[in-house]
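Bear in mind these aren't lab numbers, they're just calculated from the coordinates by the rules spelled out. In this text, all values refer to a predicted model and were calculated from it rather than measured experimentally. Glycine gets a Cβ as well: all are built from the backbone with ideal geometry, and neighbour counts include every protein chain shown.
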Amino acid sequence: MLYGVNLAGWLVPEPWVTPSLFATTGAFDDRGLLDALGAERYHKVVGLHRETFITEQDFRQIADRGYNAVRLPVPWTVFGKEGPMPGVSEQCIDYVDSAVTWSEAANLKIMLVLGDIPGGNEIPEALGSVIGMGSRLRKPVIEVCARLAARYADRSCFLGVEPLDEPVAQKRQGFTMSPGVPLHILRNFYRDCYEAIRGQAGEGPTVILSTAGRTDGWSLFMAQGRYKNVWLDVHPYHYNDLVDAAGPAGIRQLVDSSVAAIEKVGRSGLPVVVGEWSAALPVSSATPTPEGRLAMERVYASAQIQAFRQTEGWFFQTWKTETRLTAWDARVAFSTFERGMFD
């Protein structure tokens with residue numbers, strides 16, 4: 001079973017992970033940072049960040065803490081100007097190479113995920129225009145996934161590739177559909193990603209597919225008779241749930257919700273992995289002390305870990321934050337956990 005952490009905010013900068021990188025720019029994501037700084041300044045600032053924020057020492061510390069895997073978001077321009085998706089990510093693939101080498105040295109598995117394709121939580125309806133059949137971007141995005149898989153297919157630590165990090169699929173809401181990509185477009189994109197990855201990298205790498213917030217719609221999808229080594233990825237976040245998590249009953253309700261979602265997705269017949277989760281709790285009716293809040297987060301995290309035992313594994317979001325966010329920084333959230341708690 002995988003017990004892992006995400007390396008969010010490293011190769012795809014995110015303001016909640018490293019707010020100092022975005023301070024005074026007015027940017028909210030990597031593309032906005034590029035626009036605000038300009039290409040030359042962006043290369044210097046982001047280059048220094050990538051060189052220093054995560055190093056080989058982090059991989060050793062992750063392994064020493066008892067984890068056995070990392071999940072690494074990479075930009076869709078990871079191959080730079082000469083790649084399928086040209087962009088200002090020169091040398092980014094070198095950091096991915098280093099991450100794979102460091103994972104091998106630390107005896108960690110590594111999963112790669114395209115982390116910045118338009119159409120995530122911010123503008124969910126935009127994704128359809130990127131991965132839809134008529135999009136000029138569709139083929140290059142698929143090619144990036146296939147090239148990543150082929151590049152590392154023979155490395156012992158390489159687990160596989162996830163084409164989309166946090167897509168949002170449409171859901172029926174009464175007589176209307178919520179914002180997001182239509183599920184049939186997402187499913188067709190996934191099938192084509194699978195074929196491209198298998199064509200270039202063989203059957204070794206796992207193809208991990210986000211459920212895009214939908215626990216339904218996956219029954220008999222990519223059945224294992226024809227498709228091999230495919231996992232579905234769920235992200236059971238509950239910090240926005242309308243649940244009073246001031247005590248054990250509320251926490252139990254949140255964990256039961258995770259279990260129900262995992263079980264429902266699992267009816268597809270495909271293995272399930274928890275690609276992201278955190279110790280963040282909803283706002284409660286009471287106002288706990290900082291120490292009390294931290295204690296409840298750790299109770300919640302422990303219960304979630306137990307709930308995830310029915311999956312292929314989990315990846316906490318995230319390993320490191322600049323401000324050591326208690327519910328999101330594994331160094332803080334699990335600081336009192338023993339290694340054996342992951343077994």
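Percent of C-alpha pairs per 5 Å bin in the stretch 127-233, short distances first: 2, 12, 22, 23, 19, 12, 5, 2, 1, 0.
Binning all Cα-Cα separations of the stretch 1-113 at 10 Å, short to long from zero, yields these whole-percent fractions: 14, 45, 31, 10, 0. Name the lysines eligible as straight-distance cross-link partners of Lys320: C-alpha to C-alpha under 27 Å, and not fewer than 8 places from it in the same chain. Cα-Cα hits under 27 Å: Lys44, Lys109.
In the chain, the sites counted are GluC sites (Glu not before Pro) in DSSP loop states with at most 12 other Cβ atoms within 10 Å, and the longest stretch holding none of them, exclusive of the sites, is 204-337.
Antiparallel versus total DSSP beta bridges in the chain: what percent is that, nearest 5? Antiparallel bridges make up about 5 percent of those DSSP assigns within the chain. Here, the stretch 193-270 has an Rg and a Dmax of 16.1, 51 Å when only alpha carbons are counted.
Relative to the current alpha-carbon distance between Lys139 and Ser257, full extension at 0.36 nm per residue lengthens the span by 38.8 nm.
Each pair of Cα atoms in the stretch 74-157 enters the Kirkwood radius, and Stokes-Einstein at 37 °C and 0.692 mPa s then converts it into a translational diffusion coefficient of 238 µm²/s.
Over the chain, DSSP H runs of length four or greater, each weighted -39,500 (n - 2.57), average out per residue to a 222 nm ellipticity of -11500 deg cm²/dmol.
Values of log10 I(q)/I(0) for the chain across q = 0.14 Å⁻¹ run -1.22, by the Debye formula with one identical scatterer at each alpha carbon and no solvent.
Could you compute the longest span of the chain free of trypsin sites (Lys or Arg not before Pro) located in DSSP loops and having at most 14 other Cβ atoms within 10 Å, not counting the site residues? Counting at most 14 other Cβ atoms within 10 Å as exposed, the longest clean stretch of the chain is 1-135. The slack between Asp94 and Ala295, meaning 0.36 nm per residue of separation minus the straight C-alpha distance, is 68.4 nm.
Computed from the C-alpha gyration tensor, the three semi-axes of the ellipsoid equivalent to the stretch 255-301 are 29, 11, 7 Å, from longest to shortest. With the simple model of a label 7 Å out from the Cα in the direction of the Cβ, Arg31 to Ser129 spans 0.9 nm.
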